[in-house]
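*Asks:* One structure, as structure tokens, below. Some questions next.
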Amino acid sequence: MTQHAEKELLQPTMLCDQKGNLNPQAIGYARQPLITSNLKGHFMRKKKWNYWCVFGDEILFSATISHLDYAVVCFVYFLEYETQRFFEKTITLPPLSHHVKMSEEVLQTVTFNNSEMKINILHTAQHETKLSVYVPDFDDDILEAELTISHPKDDESLNVVIPWNRKTFQFTAKHHNLPTTGYVKLGDKKYLFEPLESFAVLDYGRGIWPRVATWNWGMASQRLGFHRVGLNLGGSWTDGTGMTENALFIDGHMTKIHEDVLFAYDAADYMKPWKVKTRFSKDVELTFTPFFERVAESDAKLVTSVVHQMVGYYNGRVKMDNGAYFHIQQLLGTCEEHIAKW
């Protein structure tokens, strides 16, 4: 048994109709960010975020601006692989106290600026994103980041609309293998990013979500031998919708995986190896072995969120669209479980 092929979108499309419900023409996936996130209405149910994760030679660095209708939530985290020094800082503000304008297009500027944290995501006409972060008190040090992320002109990306129904749906854009240059400075220590070995991942989300949601997300963006290799694998939240966020990227070309992916792991011990495989076929057969666990929890009475994001290595194989298998060895990435009541 196999799942049907998903519809590929080839023309610019609006996510919503005039009432703010899902535009049926937007259901599908695109290899370029063709979908405009014209969300409106659905008070308290709109969720918008721009999440960046950058894999450097020595560190993983991440910055996010999100607007959840009832709150603006911004967070920055840092992991030094060798020492496992880790720190995360989150700022949560009422939505009206701090005006954050979340863009309708995937590659559009978004900024957050207050005394505790500054995040600027500036998209330029040169196919680049300038990511600037400043946190005056980050684990008792000053954190500064100035990164230039390039979007290779001919690269494909994953842009997909997941339909639960006309009134709950999500547009997700996952852009992988984006060469990155610049630095992250923490206190007196400066970490340099070289574009041949450092890659950024964008997770752009805009949607109308149900009150309770669970998802798994696995991803990697690295150089493997002579190739830029990216993995994007999602589970639970997309199951049964007819759409997936599953894809393999090699040197800018995307193989879309049209089948649900299952994540098997021990919720009593997330550090044990995870198995990630396609539901019916053998198109995806991966083992993910963590070496670090990031736990992010928030409990604001009406709103609770628990994330277990593991950092580790993928091994296994994924079938390409030419029918051959691409073998993956020690591919650095992340794998997570997220449970939200929001």
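*Asks:* Do you know which residues across the range 220-241 are over 17 Å from the mean Cα position of the chain (by Cα), outside any strand (DSSP E or B) and not β-branched (Val, Ile, Thr)? Don't jump to the end; show me each part of the working.
*Replies:* In the first step, residues of the range 220-241 are kept if they are over 17 Å from the mean Cα position of the chain (by Cα); the result is 223-228, 239-241.
Then drop every residue that is not outside any strand (DSSP E or B), which leaves 225-226, 239-241.
Once the filter is applied, which keeps residues that are over 17 Å from the mean Cα position of the chain (by Cα), outside any strand (DSSP E or B) and not β-branched (Val, Ile, Thr), the range 220-241 yields Gly225, Phe226, Asp239, Gly240.
*Asks:* Which members of the range 101-124 meet the condition of being open to solvent by 10 Å² or more (accessible area, probe 1.4 Å) and either in contact with a Phe, Trp or Tyr (Cβ under 7 Å, 6 or more places away or on another chain) or on the phi > 0 side of the Ramachandran plot (or both)?
*Replies:* Lys118
Each row is one residue, and each column tells you yes or no for (1) assigned to a strand (DSSP E or B); (2) without any contact (Cβ under 8 Å) to a residue 24 or more places away in the chain; (3) surrounded by 15 or more Cβ atoms within 10 Å (Cβ to Cβ).
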position: Met243; (1), (2), (3): no, no, yes
position: Glu259; (1), (2), (3): no, no, yes
position: Phe292; (1), (2), (3): yes, no, yes
position: Glu297; (1), (2), (3): yes, yes, no
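Results for (1) outside any strand (DSSP E or B); (2) out of contact with any helix residue (DSSP H, G or I) (no Cβ under 7 Å at 6 or more places or on another chain); (3) among the acidic types (Asp, Glu), shown as yes or no for each residue.
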position: Gln18; (1), (2), (3): yes, yes, no
position: Gln25; (1), (2), (3): yes, yes, no
position: Pro33; (1), (2), (3): yes, yes, no
position: Asn38; (1), (2), (3): yes, yes, no
position: Trp49; (1), (2), (3): no, yes, no
position: Asp57; (1), (2), (3): yes, yes, yes
position: Phe61; (1), (2), (3): no, yes, no
position: Ile65; (1), (2), (3): no, yes, no
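*Asks:* Search the range 164-204 for residues being of a type outside the set (Val, Ile, Thr) and closer than 17 Å to Asn23 by Cβ, and hand back the single one that is surrounded by the fewest Cβ atoms within 10 Å (Cβ to Cβ). Before you say what the answer is, go through the steps one by one.
*Replies:* Start the filter on the range 164-204 by keeping residues that are of a type outside the set (Val, Ile, Thr), which leaves 164-167, 169-171, 173-179, 182-183, 185-200, 202-204.
Add one more test, that the residue is closer than 17 Å to Asn23 by Cβ, and what stays is 164-167, 169-171, 173.
On the way: Trp164: 18, Asn165: 11, Arg166: 14, Lys167: 14, Phe169: 24, Gln170: 25, Phe171: 23, Ala173: 24.
Among them, the one singled out is Asn165.
*Asks:* Taking the condition of being in a loop (DSSP other than H, G, I, E, B), out of contact with any Phe, Trp or Tyr (no Cβ under 6 Å at 6 or more places or on another chain) and either closer than 30 Å to His4 by Cβ or of a type in the set (D, E, K, R) (or both), how many residues in the range 263-290 meet it? So that I can check it myself, show each step before the final result.
*Replies:* Of the residues in the range 263-290, the ones in a loop (DSSP other than H, G, I, E, B) are 265-273, 279-283.
Those still in the list that are out of contact with any Phe, Trp or Tyr (no Cβ under 6 Å at 6 or more places or on another chain) too: 266-273, 279-283.
Subsequent filtering for residues that are either closer than 30 Å to His4 by Cβ or of a type in the set (D, E, K, R) (or both) retains 266, 269, 272, 279-283.
Result for the range 263-290: 8.
*Asks:* Every residue in the range 125-142 that is assigned to a loop (DSSP other than H, G, I, E, B), loosely packed, with under 13 Cβ neighbours inside 10 Å and of a type outside the set (A, V, I, L, M, F, W, C), please. Steps first, answer last, please.
*Replies:* Our first condition is that a residue be assigned to a loop (DSSP other than H, G, I, E, B); within the range 125-142, this holds for 125-127, 139-140.
Now drop any that are not loosely packed, with under 13 Cβ neighbours inside 10 Å, which leaves 125-126, 140.
Within the range 125-142, Gln126, Asp140 meet the criteria.
*Asks:* Using the structure shown, decide if Thr278 is among the polar types (S, T, N, Q) and farther than 24 Å from Glu80 by Cβ.
*Replies:* Yes.
*Asks:* Looking for something under 18 Å from Cys53 (Cβ atoms), crowded, with 16+ Cβ neighbours inside 10 Å, in contact (Cβ under 8 Å) with a residue 24 or more places away in the chain and of a type outside the set (Lys, Arg) - is there at least one such residue anywhere in the range 278-287?
*Replies:* Here is the first cut: in the range 278-287, the residues under 18 Å from Cys53 (Cβ atoms) are none.
Checked against the condition, which is being under 18 Å from Cys53 (Cβ atoms), crowded, with 16+ Cβ neighbours inside 10 Å, in contact (Cβ under 8 Å) with a residue 24 or more places away in the chain and of a type outside the set (Lys, Arg), the range 278-287 yields no hits at all.
*Asks:* Here is a follow-up. If you go through the range 322-342 one residue at a time, how many are within 22 Å of Lys275 (Cα to Cα) and either open to solvent by 70 Å² or more (accessible area, probe 1.4 Å) or in contact (Cβ under 8 Å) with a residue 40 or more places away in the chain (or both)?
*Replies:* 14
The values are calculated or read from the model by the stated rules, or taken from the named source; none is laboratory data. Computed from a predicted model, the values in this text were never measured in an experiment. For neighbour counting, all protein chains shown are included, and Cβ atoms are generated from backbone atoms with ideal geometry for every residue, glycine included. Heads up: the accessible areas ignore ligands, DNA and RNA and are worked out on the full protein's heavy atoms, side chains in. Shrake-Rupley method; radii C 1.70, N 1.55, O 1.52, S 1.80 Å.
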